[in-house]
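Accompanying notes for the structure given below.
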Protein chains: 2
Amino acid sequence: MNMKDLVRKSRSYRRFNQSYDINGEALRDLIRLAQYSPTGNNRQPLKFWLSNTPEMNAMIFPHLGWAGALKDWNGPEEGERPSAYIIILGDTSIKKNFGVDPGISAQSIMLGAAELGLGGCMIGSARKDRLRQVLDIPKQYDILLVLALGKPAEKVVTETVGEDGDIRYYRDEEDVHHVPKRPLSELVVHDV
Amino acid sequence: MNMKDLVRKSRSYRRFNQSYDINGEALRDLIRLAQYSPTGNNRQPLKFWLSNTPEMNAMIFPHLGWAGALKDWNGPEEGERPSAYIIILGDTSIKKNFGVDPGISAQSIMLGAAELGLGGCMIGSARKDRLRQVLDIPKQYDILLVLALGKPAEKVVTETVGEDGDIRYYRDEEDVHHVPKRPLSELVVHDV
C-alpha cells in the first residue's frame, strides 16, 4: 500500500474485536519497524513492553485515558477492548530526554499495524505511576506512550474542519466517528 | 513498498545531488501525509514552512547541525546539500507543548520521501533563533524540527551493534556511512 493510502487508513481506533488475537511475532515485527526508525543522534534510547494476554491487558486497561473529547464515553466496553499493547519506554540509562524519538517510533508502529489490517490509538494520557506499579516497570524506564492495538470494530471518517473551526472529533447518530482535519492551506505557513 | 522495506530504506542521508529539483507539489504531498497523521487530542497544532529555492535553502543551511558523531565533517559541501527543507513549527496559538506530535509527522514525511526515492535527515540541532531571524518566522510559531530533503548521494548501511556497545555511526574508507542498530532482544524489555 502506498504511503498516502496507508496514512489515511491509519486512523485512531478505540473500539475493537477483543477476541481477535495479535500474536507475539506480529508485535515483534512492529518493534522491528521502530528498531530501524531514526532516533536523535542514533542513541536508540527507546525500549518496548509488549502485552497480548487477557491477564496483562486487563492490568493495563484501567490506567489509560480514552477520547477526552467524547464526554459521555469512558472508553471501550469489555469485548471491544484492545488485543495488545506496546508501551514505549525511555531508557534513562541511555539519556534523560527523549525528544521526538517516541513519536517517530510510534508512527512507524501504527503504520505497520494499519498495513496488517490492525488499528489502534496512541495514548499519552495514561496514569503512568499506576502502570508502573501494576506491571512492575523498573524505574530505569520512563513511560512515554502506550500504543493500544486491535482489530478495529468501528468506522472512522475524516472530514475538513468546518467554518466554526471546531477540531473536536464526534460520533454521529449511526455511531460513526468523525475526525475534522484542518485544510492544507491552513497548515502551510510558507509555501513554494 | 511494504513498511518493512520502506522503513529500512528511509535512512538518514546527509549528502545529496543538490541539482536535483524537488517541486512544490511533491512537498505539499508530503505535508498531506502529516495532515492525516495523528496529533494529541486531534488538536493539529503543527504548521509547515517549505523551502526549495537555492536562495532560501542557502539562508537555512548555515544554521543546521550535521552529524554530531562525525567529528571531522562539518556537513555537506556546496553541490551535495539538500534540495528542499520542511521546517516543522508548533503553533502556540493552538497549544504550548507539542509532545510527540512533531515526531509522528516527521516520520510520515520521511517515509513518504523515501517512497519517492528521496531521502534526508531530521535535524533537531538547528540554531532556532538564527533561523527565525533570517526567515522572519513569526513568534507565534515554535521551531520544532527541520527536515532536510534531497536525492541521496551517499551509501548508508545498517549493522548490528558490536560487543563494545558503540552506537555511533561512522564512515568507512570507501565513504560508506555505517549505522549500528541495537538488536531486537535489547529493545524488548517485556516479551510475549
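Give me the compactness ratio for the stretch A:22-166, meaning the Cα radius of gyration over 2.2 N^0.38 Å.
Numbers: Rg = 15.8 Å, N = 145, 2.2 N^0.38 = 14.6 Å.
Working it through for the stretch A:22-166, the quotient is 1.08.
Run the Debye formula on the Cα coordinates of the protein assembly as shown, all scatterers equal and no solvent, and tell me log10 I(q)/I(0) at q = 0.06, 0.09, 0.11 1/Å.
-0.22, -0.51, -0.76
Residue-wise, which Karplus ³J(HN,Hα) couplings in Hz belong to the stretch A:23-33, taking 6.51 cos²θ - 1.76 cosθ + 1.60, θ = phi - 60°, and x for glycine or proline?
7, x, 5, 4, 5, 5, 4, 5, 5, 4, 5
Normalised by the residues of chain B, what does the relative contact order come to in percent, with Cα pairs under 8 Å and at least six apart? Kindly include the intermediate steps, with their values, before the conclusion.
Details: 332 pairs, mean separation 54.2, N = 192.
So the answer I get is 28 percent.
Measuring with a 1.4 Å probe in the full set of protein chains, what accessible area per residue, in whole Å², belongs to chain B? Numbers along the way, then the final one.
On the way: 8300 Å² over 192 residues.
Spelled out: the 1.4 Å probe surface of chain B, per residue, equals 43 Å².
Residue by residue through the stretch A:124-132, what is 3J(HN,Hα) from phi via Karplus (6.51 cos²θ - 1.76 cosθ + 1.60, θ = phi - 60°)? Round to whole Hz and write x for glycine and proline.
3J(HN,Hα) across the stretch A:124-132, in whole Hz: x, 8, 9, 7, 5, 5, 6, 4, 4.
For the pair A and B, how large is the buried accessible area, both sides, in square angstrom to the nearest 100, if the probe is 1.4 Å?
Values: alone 11060 and 11070 Å², together 16590 Å².
Using a 1.4 Å probe on protein heavy atoms, the buried area is about 5500 Å².
In the stretch A:134-191, which GluC sites (Glu not before Pro) are in a loop and have at most 14 other Cβ atoms within 10 Å, using DSSP for the loop call?
On the way: sites: A:GLU154, A:GLU159, A:GLU163, A:GLU173, A:GLU174, A:GLU186; in loops: A:GLU154, A:GLU163, A:GLU173, A:GLU174.
Hits after loop and neighbour filter: A:GLU163, A:GLU173, A:GLU174.
Could you identify which residue out of B:LYS71, B:LYS151, B:LYS181 has the top mean-square fluctuation in a GNM of chain B using Cα springs shorter than 10 Å?
It is B:LYS71.
Per-residue HN-Hα couplings for the stretch A:159-165, Karplus 6.51 cos²θ - 1.76 cosθ + 1.60 at θ = phi - 60°, whole Hz, x for Gly and Pro?
So the Karplus estimates, Gly and Pro as x, are 8, 7, 3, x, 5, 6, x Hz.
Could you list which residues have their amide H under 5 Å from that of A:THR158, counting only those 5 or more apart in sequence or on another chain, with H placed in the peptide plane?
A:VAL179
So what's the Cα pair-distance distribution over the stretch A:53-92, bin width 5 Å, in %?
5, 19, 27, 22, 15, 8, 3, 1
Could the peptides A:5-16, A:130-141 be put in order, highest first, of the mean number of other beta-carbon atoms found within 10 Å of their residues?
Numbers: A:5-16: 21.2, A:130-141: 14.6.
Highest-to-lowest ranking by the protection proxy: A:5-16, A:130-141.
The values are calculated or read from the model by the stated rules, or taken from the named source; none is laboratory data. Quick caveat: nothing in here was measured; it's all calculated off a predicted structure. FYI the Cβ positions are ideal-geometry reconstructions off the backbone, even for glycines, and counts take in every protein chain you see. Surface accessibility is based on the protein's heavy atoms, side chains included, excluding ligands, DNA and RNA. Shrake-Rupley method; radii C 1.70, N 1.55, O 1.52, S 1.80 Å.
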